[in-house]
C-alpha cells in the first residue's frame, strides 16, 4: 500500500485569522505546512517561527520557491484583491475568506483570471464565509421571522 501524499500548503496572512489557519494547517497529518507570507516582517517571522515554517515578505517569491499545492489567504477584507490575483496568476489553487473583494471591477478581473487559469491548468478556488459574526446572523434571522 502506498503512503498518501501530503498537501503542500502555504498561508498568506500572519495576523489573527492567519493564526487560526496556521494552527489548523500545522495540526493536520495530511498537510505539509511550508511557509507564511505577510506584510509586517517582525510579525511574519514570529508567526513562521511559531509554526516552524519559512517566512516570506513577497507572495510571488513564496509561490515560486515553495511550489505549494494549495494557498490559504487570510488578510484584512480590503487587502484581498492583489494577493488573490497573484495566487491565481501563479496557477495555485486558492482558499480565500470572504468577502473576495468589495469592487465589482476587481471581482470581474479575479473571475476572468480564474477562468483563464481553470482552462489552462484546472485551477480550483473557494471563498469561504466563516461565522465571524454569529450574533448578527441570529439577530438578522429573528428580524426576518418577526421574533
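Here residue 27 does not fit the description of being loosely packed, with under 13 Cβ neighbours inside 10 Å and under 24 Å from residue 82 (Cα atoms).
Among all positions in the range 68-76, there is no residue which is free of Cβ contacts under 8 Å to residues at least 40 places away in the same chain and either in contact with a strand residue (DSSP E or B) (Cβ under 6 Å, 6 or more places away or on another chain) or within 28 Å of residue 109 (Cβ to Cβ) (or both). Of the residues making up the range 61-83, those that are over 11 Å from the mean Cα position of the chain (by Cα), surrounded by 14 or more Cβ atoms within 10 Å (Cβ to Cβ) and modelled with pLDDT of 85 or more are 62, 63, 65, 66, 68, 69. Is there a residue in the range 95-115 that is at pLDDT below 85, touching a strand residue (DSSP E or B) at 6+ places or on another chain (Cβ under 7 Å) and part of a helix (DSSP H, G or I)? Yes, some residue in the range 95-115 is at pLDDT below 85, touching a strand residue (DSSP E or B) at 6+ places or on another chain (Cβ under 7 Å) and part of a helix (DSSP H, G or I). Among the criteria (1) more than 14 Å from the chain's Cα centre (by Cα); (2) surrounded by 21 or more Cβ atoms within 10 Å (Cβ to Cβ), the one residue 50 does not fulfil is (2).
The values are calculated or read from the model by the stated rules, or taken from the named source; none is laboratory data. Because the structure is predicted, anything quoted here is derived from the model rather than measured. Note that each Cβ is placed from the backbone with ideal geometry, even for glycine, and that neighbours are counted across all protein chains shown.
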